[in-house]
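Single-structure report; data block below.
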């Protein structure tokens, strides 16, 4: 049972307040998804805005075959994909080659303290940079599971791949992340 | 008996606390009991999953909802008006037409030419179009020439930045 069903039905009928409620519920996760899939890009909020605009315009066609959360994440992945394509075209246009090396991980000297604001920012940035250093298909699977908290079946539906493929991508993604996140383990 | 390759997806699932069905769980337990490497892999997977779950929530700017409401209601907000990217996109066709008209007037081309023919006919000159086909010229120079009409005109190829 989709916990958002009543709000989604009202929003699909044109109720803006119901849609605003959905926005309030999902804005932080969608901004987080955009940021963690774009190496902490400053465009994350713009991407999230585009996600909600597309969701609002397509809501009347949402049949409820999947949960609203899954559907919203699928829109978000499409918008992030468009963002990557546009960035790639611009890089080609301006003749700036994509970096051959993964972004350098300037991990903090000591593991950041999650209880302070600056520590939160450092920790989030370090995780996003580590995520940016692994292949896209592994990154997407790991972020959907471990950062966004979607279950394996939802991820398989969302990516339209078999369940075993999702499990395998998550295993390999975490394997690649382990040495990259090692400097953050100090305080744990 | 499960191979390490077959155990990997099950390890991923167990590592984040998701439930395996009873039969798969039993096969994984049997494998782990005799495989140091997979026990280490399980521990690593648990550690990474826990760190990612602890990724702090992303702050969302207080204007997020208001900006979104403006877009959904079709009213350009102050922030949108101030966004140079909006105006760049909207004015790009106008700029292109003006640029083409100005270049045609300056060059006095008698008949319509394709952009490529026009650039070839201007080869050796300092027009932005001729620079477009020069692989040694950077985009900065092309843009500067488009904007100023001069760019690196006084210099030779060696002067190109």
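The values are calculated or read from the model by the stated rules, or taken from the named source; none is laboratory data. Keep in mind the model is a prediction, meaning the values are calculated, not measured. Because the Cβ atoms are built from the backbone with ideal geometry, glycine has one as well, and the counts that use them run over all protein chains shown.
In region A:1-66, counting only helices (runs of 4 or more DSSP H) that sit wholly within it, the ones holding 1 or more residues that are in contact (Cβ under 8 Å) with a residue 40 or more places away in the chain and more than 10 Å from chain B (Cβ to nearest Cβ) span A:5-12, A:16-37. In region A:90-110 there is at least one residue matching the filter, namely being away from chain B (no Cβ under 11 Å), at pLDDT below 60 and under 17 Å from residue A:42 (Cα atoms). Taking the criterion of being assigned to a helix (DSSP H, G or I) and more than 37 Å from the chain's Cα centre (by Cα), the residues of region B:8-29 that qualify are B:22, B:23, B:24, B:25, B:26, B:27, B:28, B:29.
It is to be established whether one or more residues within region A:121-130 are touching a residue at least 24 places away in the same chain (Cβ under 8 Å) and away from every other protein chain (no Cβ under 11 Å).
From region A:121-130, those touching a residue at least 24 places away in the same chain (Cβ under 8 Å) are A:123-130; that's our starting set.
Among the residues that remain, those that are also away from every other protein chain (no Cβ under 11 Å) are: A:129.
Yes, some residue in region A:121-130 is touching a residue at least 24 places away in the same chain (Cβ under 8 Å) and away from every other protein chain (no Cβ under 11 Å).
Tell me, yes or no, whether region B:42-63 has at least one residue that is more than 26 Å from residue A:35 (Cβ to Cβ) and modelled with pLDDT under 95. No, there is no match, as no residue in region B:42-63 is more than 26 Å from residue A:35 (Cβ to Cβ) and modelled with pLDDT under 95. Out of B:58, B:44, one residue alone is touching a helix residue (DSSP H, G or I) at 6+ places or on another chain (Cβ under 6 Å), within 7 Å of chain A (Cβ to nearest Cβ) and in a helix (DSSP H, G or I). It is B:44.
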